[in-house]
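The values are calculated or read from the model by the stated rules, or taken from the named source; none is laboratory data. This one's a predicted model, so the numbers in the text were calculated from it and none came from an experiment. Virtual Cβ from ideal backbone geometry, glycine too; neighbours counted across all protein chains shown. Side chains included, ligands, DNA and RNA excluded: accessible areas come from the protein's heavy atoms. Shrake-Rupley method; radii C 1.70, N 1.55, O 1.52, S 1.80 Å.
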Amino acid sequence: MEYSDEELLAELGGTELEISTSNSNDDMYKEYSKYKESSLIVNNVYGTVTVGIEELEINDGGANIVCYIRSGQRDEIKLGMYVIVPYPNGDHMFGRVSRIRYRHMYPTDDATEVHSERASLEHMDENDYKLIAHIEPICILYKNLKTKVERKMVDRIPKPNSPVIQISDKSHVQIGLNIPTEGLFLGHIAIGGEKILTDSFPPTVPYYLRNDYESGDPLPFRHTIVCGGTGTGKTFLTKNIFRQFIGEDVRYNVRDEKETCQIQPCLVILDPQDEYSQLNESNSALSSDIIDGLDSEKIKHDGIENTQTFTAKINGENYLGCSSAPITEFTIPFEMVKGNPWLIYGAEMNENQIMGLDKLLDDYFNEDKEPTYKKFIATIRDSEKKAHYTQNDIIHEATYESISRKVDNPQFKRVFDQGAVSITSIIDKIFVPGQVNVFPSGHVASNRIKDLIILAMMTMIVDNKLSTSGAKEIKNVPIILGLDEAHRYLSKTSTTQAKIIVRKFADAARQGRKESLGLFLITQDPQDIDSTIMKQINTKIILNLNNENAINSLMIPKEFEKRIPYLKKGQVIVHSPDNSNTVEIAGLKTCVVKHN
Ligand SMILES: Nc1ncnc2c1ncn2[C@@H]1O[C@H](COP(=O)(O)OP(=O)(O)OP(=O)(O)O)[C@@H](O)[C@H]1O
Ligand SMILES: [Mg+2]
């Protein structure tokens, strides 16, 4: 026969079945029929692999595996669900249901007027039809040296009449989908919003993102994007993920001059809506049952004590805070513009004006060793200075006038050199391993100022990380840089300012791995993120999106793409090719830290 007694017993959950020792498939099928009434079989076996309808086939491009689904199991079969089909030697094919259809049990034509009228008047028996499911094989699960289960490419065809079995073993799902068994917790494997339950404890299958050095660098340094329409739960899910980064067990390699050290990461969150400093507080709604569940899957959940809020002092604005995290006020020194003149370009400057401004800034910074924005404006407004530039044909007079008008901006006056510590003088207090630093800008009414603060922080981190002479405090600490509303800052628009920041971030994304800088972008418009940056992002965490362009921009397998507009709150698709197969997961129903 095709299966050994032990193998069938194992597949059928250990019930004591008499297995025929005959060699024919027919006999084997009869044996199965004999046990049809056994509740365990009804629960575990969805149906059998058939050849009666279409030929059973595997080929270089795919497979045609057609299954007859038993009448009692029809309602259980869903598109996308995972099943296994045993091979006679004890290996298993692991696959997903890729197509479901009805066929007539007996050839009749039901596309008739009479049939339709009858159907509307009386109950028609579904058993007149066969339910057929197609299985797309994913891999073969086999035992390596009789101990460890591993996966390999599907190179063998399952036997006709093999049972199609419900997954009950957690390791089958983990190995079949190639999911790491530890790392950063993102959610639980699910189909259509329902978690897959196995007979292990706990029955759910956690989905972790690889966070060690076993096969290359940890995935956070290969960058992540969370995307979803407004209100779909991006911040909720992101907080749950961010929480997992902070703990004694999460450490990354950082190369000092002499040795490689294992250091906790520092989380820097640029927060335009003022939502993340609550990472500091536990969620009082977590019941002890929920906490036990979280603990059993090593999901971190208490507030992160070491959360700091850093807020830029803006003349006329007052930050009240949205959590108990301590607040430090800082100011952006005009000196930062020295290496980054684009910070004050604004969107509407043309090339001549940019060249002129760069020249004015160079000359000013060379002359004044204690530069301030006010002094710079006074300098360019000075008539003698103006005459020097315009009469010597260094800058055309009209250009000079436009530059002065654009740079002498009341908004800039409120940002640079305010009465607070300079951000550059407190980097040792910000980039501390194991610390979460939130930079809220939601309280700032002016978008121009909001963007200036965020761009200044982005550039400070990226420049120091990437430059060989960057500040040690930043260079030697693994940093996860969270950027909410990322499309605003990393879009493919054509302004000079946007181009510079995009180029910087594309470099950061490319080099992030070796510098321990992980970008974590959050956006509702992934299609607006520049494609050079998007290409560098390995992990895409996708919530509900309705915009076709947005969905297409994610470049994920078609069968998952079409599910995106139907995802409900908490339903997530994860596409992370270096971590696992593309999967659907259910995010936690509760936020592990405070969220309101
Ligand atoms: N998985 C979930 N289970 C239950 N409630 C959720 C879940 N995800 C989000 N919510 C709730 O939905 C609401 C919106 O969530 P959230 O603020 O995270 O959305 P968002 O996508 O960040 O929105 P925005 O576009 O405004 O930034 C919140 O009230 C949140 O508590
Ligand atoms: Mg949000």
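Miscellaneous remarks
- The residues on offer are ILE132, ILE157, ILE167, ILE140, and the sole one that is surrounded by 15 or more Cβ atoms within 10 Å (Cβ to Cβ), closer than 30 Å to LEU588 by Cβ and either assigned by TED's automatic domain parsing to the domain that holds ASP60 or out of contact with any Cys (no Cβ under 9 Å at 6 or more places or on another chain) (or both) is ILE167.
- Criterion (in contact (Cβ under 8 Å) with a residue 60 or more places away in the chain, surrounded by 20 or more Cβ atoms within 10 Å (Cβ to Cβ), under 20 Å from LEU219 (Cβ atoms) and β-branched (Val, Ile, Thr)) met by exactly one of ILE541, ILE501: ILE541
- The residue list PHE236, PHE242, PHE221 contains one member that is open to solvent by 10 Å² or more (accessible area, probe 1.4 Å) and either closer than 15 Å to LEU483 by Cα or within 16 Å of ligand 1 (Cβ to nearest atom) (or both), which is PHE236.
- Residue in segment 301-323 that is among the basic types (Lys, Arg), in a loop (DSSP other than H, G, I, E, B), open to solvent by 40 Å² or more (accessible area, probe 1.4 Å) and outside the structural domain of GLY442 (by TED's automatic domain parsing) present: no
- Residues of segment 247-282 that are more than 16 Å from ligand 2 (Cβ to nearest atom), surrounded by 24 or more Cβ atoms within 10 Å (Cβ to Cβ) and assigned to a loop (DSSP other than H, G, I, E, B): PRO265 alone.
- Whether a residue is modelled with pLDDT of 90 or more, over 21 Å from GLN353 (Cα atoms) and surrounded by fewer than 16 Cβ atoms within 10 Å (Cβ to Cβ) was assessed, and ASP408 does not pass this test.
- Summed over segment 207-233, the residues that are outside any helix (DSSP H, G or I) and within 15 Å of the chain's Cα centre (by Cα) give a count of 15.
- Selected residue (only one of ASP292, ASP274, ASP249 is within 30 Å of SER323 (Cα to Cα) and touching a strand residue (DSSP E or B) at 6+ places or on another chain (Cβ under 7 Å)): ASP274
- Hits in segment 461-473 (condition: assigned to a helix (DSSP H, G or I), touching a residue at least 40 places away in the same chain (Cβ under 8 Å) and farther than 17 Å from ALA486 by Cβ): ASP463, LYS465, LEU466, GLU473
- Among residues of segment 199-218, those that are over 16 Å from HIS575 (Cβ atoms), open to solvent by 10 Å² or more (accessible area, probe 1.4 Å) and out of contact with any His (no Cβ under 8 Å at 6 or more places or on another chain), counted: 12
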